[in-house]
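Values quoted throughout were computed directly from the atomic coordinates according to the rules given, and no laboratory measurement underlies them. Just so we're clear, the structure is a prediction, and the values are computed from it rather than from any experiment. Methodologically, a virtual Cβ is constructed for each residue, glycine included, from the backbone with ideal geometry; neighbour enumeration extends over all protein chains shown.
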């Protein structure tokens, strides 16, 4: 991929994460100070579409990232995490009367801050989750079919977590799983990490449009504090 196409893809994904609306060439030129014409941007977008990184949901609409687009973005453009000092301090302030309660309270804060679903597995048969309403309030779940699909996943959460324990060896570092790689739902993404020396998994589940930099930062920092 050419460098200018790489930068353009980053801009499209960053904007789509923010707005949840198809991204047009005119907006990109204006908002991201691209020193080219909208026509040039449209040509580059056509190339990105041919490569399978973006698509046009309907005629005259802007572009939306594909699963491969998000994977390229995470692999090549995600430099560390983007967690601010305020969120780090909030995580540090989370308390609990027991270690288990502290983990649950940490999950509640992460779900609140990320607007995603947080799942804590203390074992394949001992699962806590929070943030379902956050997740279902996002635009991706306005369609009834998507809500039904994810509800089925939640109903069989123990089976999915069991597969996580058996399919993935350690999660010593947080792992981002997108689309077909995601054990929870093919239309979503997840970030999974294991708390060292404990058989506890932290899992964040959200749409592929999630803010990967911020969410990875939340999981990484929580993992560090809880170990």
Rounded, prolate or oblate: which fits the range 3-76 when a ≥ b ≥ c are the square roots of the eigenvalues of the alpha-carbon gyration tensor, with rounded for a/c under 1.5 and prolate only if a/b beats b/c? rounded
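How high is the FRET efficiency between residue 85 and residue 58 when r is their beta carbon distance and R₀ equals 35 Å, given to the nearest 0.05?
0.25
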Quick one: order 8, 150 by neighbouring beta-carbon count within 10 Å, fewest to most. 150, 8
Between 79, 163, 71, where does the largest GNM mean-square fluctuation fall for the chain, given springs only between Cα atoms within less than 10 Å? 79
Over what distance in Å are the Cα centres of the range 42-118 and the range 1-36 separated? 17
Can you pull the semi-axes for the chain, root of five times each eigenvalue of the Cα gyration tensor, sorted largest first, whole Å? 34, 19, 15
Normalised contact order of the range 9-104, rounded percent, pairs of Cα under 8 Å and 6 or more residues apart: 25
For the range 85-136, state what percent of all Cα-Cα pairs lands in each successive 5 Å bin, counting from 0 Å until the bin that includes the largest distance. 5, 21, 25, 25, 18, 5, 1, 0
Could you pull out which residues in the range 9-43 have an amide N less than 15 Å from a spot 7 Å beyond the Cα of residue 78, following the Cα-Cβ vector? 10, 13-14, 17
Fewest first, what order do 67, 51 take by the number of other Cβ atoms within 10 Å? 51, 67
Per DSSP helix of 4 or more residues, -39500 (n - 2.57); summed, then divided by the residues of the chain. What does that give at 222 nm, rounded to the nearest 500? -15500 deg cm²/dmol
Calculate the FRET efficiency for residue 151 and residue 68 from the Cβ-Cβ distance with a Förster distance of 25 Å, rounded to the nearest 0.05. 0.35
Run the numbers on the chain and let me know its relative contact order in percent, using alpha-carbon pairs under 8 Å that are six or more apart. 18
